[in-house]
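Laboratory data are not the source of any read-out in this text; all were calculated from the coordinates shown. Bear in mind that the values here come from a model prediction, so they are computed numbers and not experimental data. A quick note on method: Cβ atoms are made from the backbone with ideal geometry, for glycine too, and the neighbour counts reach across all protein chains shown.
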């Protein structure tokens, strides 16, 4: 207080975020994007051995934290192996990341088996959080489901769950034996946990293939990103996306911004069209993992559209930081 006047200092509370990813290139790009969000406080990051082999994915996650001088953010290691394994070629992605010039010479990551168990870390961080927490999931939802089953009280600490998962009014991206192609991979990997997550009736927003199919990683976007390569994060992101061009030897396969789009929802939700629906998850072949609109299902929200120009501009702006 000075000369009879009161000086008010306003503290802006950062949104609390816990990230669940499964180590793929798109997941690591999502972690990179999240770390550029100055208005978020990241409580922890769990890595699941779904679209990755766990040891190199943990190393990649740790080194990306180092790029932002945030090695203080704890990383949890999941030991759960799901129901339907991702293709081995996809899971090897983090091996490429760890030899990229920007991170190859960074200090080594901790022994992956010295890291906390993912479920325990999630429970601990939610229970101790000073406010409700947004959970962003860019891989399977298994850790969250197992954490709730272990400690149901954490449900009251969850503000919102944003999950890149599902395919409702479009074809899935699972192409494998004894499957009819209706499911999306993050759900298919552990359809039983996905069905449970719906039944918990949390504030759940799915970013499904219905909307991610609108945002391919095309040459036009990569060209714009390359024009700003003087910014380290743009350079690094461009290298990561370039490594996906021959991910799968299939002419009809397109790499989309699945996880990056879902992560952007934390910051630019107003650019999305979101619909409240009733839905269920199939847990059996031939459509295991299919997310179904069902009038007898559980209430969730799904993104159905996004302002593409605003999204691409947002990503380019973030990686100029």
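Take residue 177 and residue 273, extend 7 Å from each Cα along the Cα→Cβ direction, and tell me the distance between the two endpoints in nm.
4.1 nm
Could you pull the Cα extents of the range 171-290 along its three principal axes, largest to smallest, in whole Å?
Answer, in whole Å and largest first: 48, 36, 20 Å.
How big is the range 20-161 by the Kirkwood estimate over distinct Cα pairs, in Å?
15.3 Å
Which value at 222 nm does the chain reach when only helices count, each DSSP H run of 4 or more adding -39,500 (n - 2.57), with the total divided by all residues and rounded to the nearest 500 deg cm²/dmol? Can you show the working numbers first?
Working: 13 runs with 112 residues, N = 321.
About -9500 deg cm²/dmol.
Need one number: nm distance between label points at residue 79 and residue 14, each 7 Å from Cα along Cα→Cβ, rounded to one decimal.
3.2 nm
Classify the range 265-321 from the C-alpha gyration tensor, please: rounded if a/c falls under 1.5, else prolate or oblate depending on whether a/b exceeds b/c.
Numbers: a/c = 3.76, a/b = 2.26, b/c = 1.66.
The shape class here is prolate.
Given C-alpha coordinates of the range 150-191, what is the ratio Rg to Rh with the Kirkwood estimate of Rh?
Details: Rg = 14.3 Å, Rh = 12.4 Å.
Result for the range 150-191 is an Rg/Rh of 1.16.
Of the DSSP beta bridges with both residues in the chain, give the percent that are antiparallel, rounding to the nearest 5.
Details: 13 of 39 bridges.
Here the share of antiparallel DSSP bridges comes out near 35 percent.
Starting from the Kirkwood Rh over alpha-carbon pairs, what translational D in µm² s⁻¹ does the range 15-318 have by Stokes-Einstein at 10 °C and 1.306 mPa s? Numbers along the way, then the final one.
Numbers: Rh = 19.2 Å.
D = 83 µm²/s.
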